[in-house]
Structures are given as C-alpha cells and as structure tokens.
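Here's the structure we're looking at; comments come further down.
The values are calculated or read from the model by the stated rules, or taken from the named source; none is laboratory data. No experiment lies behind these values; they were computed from the predicted model shown. Cβ placement follows ideal geometry from the backbone for every residue including glycine, while neighbour counts extend to all protein chains displayed.
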C-alpha cells in the first residue's frame, strides 16, 4: 500500500482517474502540445514567441522567456532525460547555445535550461501573467502569487547542476527577483557568477511554474537563514556552507485517512527523491519533542529531536528510503492523531563539515513528492474522507 504526499489522481464526472502527464498534441487553439490527463492543464506553444499556459478552472498562470529567442527551433515532442537522470515526456526548443525543455508536473510546468556554452550574462528572465492580484518574494526558494490571503500559484527557484574539478555539484542558493509592470510580472533568476565562469558546460537549471496544491505540509529550517520555508519544493539536510545546518520536518496522514491494526503493519518505509548528496554521513529520522507549525517554523523555534525513529537510510533508484516500522505502528495505535501530527525530522549524522549535505524533494515537489510504502498482512477497517481540516473532530467516515 502506498500513501502519497500529493495527488496522483484527479476527479472527473465519473470518478477518479490517474494523472498522466504524457505530452500529446493539443486540442486548444494556439498551442502545439498539452498534458494528456489531469485537472491542471498545461499548454505548450509552437514557438517561443508565444506563452506557455497552466490553468485549472478560473485560475491560470502564463509565462514566456524574456530573453532573445531568435534562432530557436519550433516545438518538438521528445523523451527527455532531465538533470536527475529520469526520462520525461517533454517539449524541447533548441538553439546552438542553449536547449530549453519544458515538461508537465502534477501542478504545472518545469523548465530545464541546458546552457551549452557560457552565456553573455548570469540572469535568466521570464515574463509572467497571473490571475492573482499580488505576489510575495521572501527569498526563501519560491515566489507566491496571492489572491487576497490565499496562495494561487508559485514560481519555484531552480536548482543549478554543474561540474567542476570536484565532480558534479548542485547549487541551491540561486536568487530570484520579481518586478511588476502593469498587469504583468517579470522574474529574473540569478545564477552564481562563479558557476558561470568556472565550470564545465553544460550547466542545467530547472525553475518550475505551478498552481498551488494543498499537500501534506512540511518545512525545513536552516541555522544560517531566518525565514520560513514551508512551501519550498526541496530541502537541504546537513551542513551547507551558506545555509548552515538544515533539518527537515515532515508529517504523515495515517489515522487521518484510515484505521488499521498496528500489528498488521509488517514494514513501513518513507521514500523521497534524493536530488543530490555528498555521501559522507547518515540520514536518519527523529521524533520532534513537541508539536510544530509548518508556516511559522524557524531555526530559533524548532523542536529538538526526542528520539530516533528510523534505521539508516537506504538509497535505491535515486530515492532515499527511511525505514520507520515502529513509528508507523505507533501512529496507527494513536487514535488522537497526535503521533502522526508531530511527525518526524530528518537530520544528518556525522555532517560536521561544510559541503556535507543532501538535497531532498519536499512534499510540495509536484514531480518528486515523497510517499510512504506499507507492507501489510491485511487491509481492513474504515477509510475516512476529509471534509474539513479544523477541527479534526468534524472529519466524516465512509466505508469504501
């Protein structure tokens, strides 16, 4: 049995269908391609002179390159190997100096820029149009578009992959600046000049443009950054030279979804995509000493670890697996939901030196959201349909 941190299905008039982000020819006027099956639709133009579009009901987000697109090929649908080594159905526009790949995620479009030679500058810019009426840029890994007090859509800061004398590296400190001109926005993504000047090519970076999804909340705290990061789509765990020490707090939804006898859980493993690591330490999960709030969690108010709940992590096919059998059994045995609500914190043991860190996909990563694998002796009991988050007592139960 698998429990996912973000949707893998979408609702239709006849029930639920599996999300399928295969790129197919578009039925929408003015676009060449679209994603095959999702309630969040993504559209790709024939040429880069036209915008990309993401829409769901009345919400939409459009974006287009704000740099010279002369000489790029027209849209071509291919199976593209992204910077993490996965083969993705994508739309590619090519030029002698740069390839631009765009592919659907479950919430929008990820852009991968492949710089094949040194560019003239270190800023990549996009023009953006949103149905939201304001934006927030707290320089914490993402820019949010707001409609009133509600988050409508997000631009996620890219990771930058490059190679130097020490091998393949991943820069997590890229900056983003946003300005508004009339009803349109202009976002500039600034790559470290040292990366531009002193690395081998190609250099790859992958900003994402997405509509907001209500995922299981998590949050990362850094000793060198006094800002909340609960909507970031990746977490740096360990010792980073600029961010400082990073701890990643996460939650499960077990009794929230169903009841199950603890003894029926044979094993439980939490999996998340390992985007980068230095392999010099161990990642383990610990139980926090007290409850925490994802929207206000900072290094200065973080709960300390109270006890180890996982064995050593295992890495397979690019995913980090944290075994936590006993903790999951305790969660199913706690009908108050407090055990799973307090959740766990992922930390690095033996990471005393800088540059000794891992980069993990967080719950808001619409391409690589974490999931929990349960091996069970049998499945029985009630499933629960969430009707309202607060208060929990108003959750209704339905037999499936």
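Listed conditions (1) surrounded by 23 or more Cβ atoms within 10 Å (Cβ to Cβ); (2) under 18 Å from the mean Cα position of the chain (by Cα); (3) not assigned by TED's automatic domain parsing to the domain that holds residue 362 are all met by residue 206, apart from (1).
The rows are residues; the columns are (1) more than 22 Å from the chain's Cα centre (by Cα); (2) in a strand (DSSP E or B); (3) free of Cβ contacts under 8 Å to residues at least 24 places away in the same chain; (4) farther than 25 Å from residue 126 by Cβ.
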site	(1), (2), (3), (4)
30	yes, no, yes, no
53	no, yes, yes, no
60	no, yes, no, no
63	no, yes, no, no
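What about residue 195, is it at pLDDT 95 or above and under 30 Å from residue 122 (Cα atoms)? No. Based on this model, can you work out whether residue 194 counts as over 27 Å from residue 333 (Cβ atoms) and free of Cβ contacts under 8 Å to residues at least 12 places away in the same chain? So residue 194 passes the test. Counting only strands (runs of 3 or more DSSP E) wholly contained in the range 302-347, no element carries 2 or more residues that are touching a helix residue (DSSP H, G or I) at 6+ places or on another chain (Cβ under 6 Å).
It is to be established whether one or more residues within the range 180-193 are under 19 Å from the mean Cα position of the chain (by Cα) and either assigned to a strand (DSSP E or B) or over 21 Å from residue 4 (Cα atoms) (or both). Scanning the range 180-193 turns up at least one residue that is under 19 Å from the mean Cα position of the chain (by Cα) and either assigned to a strand (DSSP E or B) or over 21 Å from residue 4 (Cα atoms) (or both).
Considering the range 115-150, and only residues there that are under 18 Å from residue 215 (Cα atoms) and within 16 Å of the chain's Cα centre (by Cα), the residue that is surrounded by the most Cβ atoms within 10 Å (Cβ to Cβ) turns out to be 141. Examine the range 157-177 for a residue that is in a strand (DSSP E or B), touching a residue at least 60 places away in the same chain (Cβ under 8 Å) and under 22 Å from residue 48 (Cα atoms), and state whether such a residue exists. Within the range 157-177, none of the residues are in a strand (DSSP E or B), touching a residue at least 60 places away in the same chain (Cβ under 8 Å) and under 22 Å from residue 48 (Cα atoms). Among the residues of the range 256-277, those identified as more than 20 Å from the chain's Cα centre (by Cα) and under 20 Å from residue 345 (Cβ atoms) are 256, 268.
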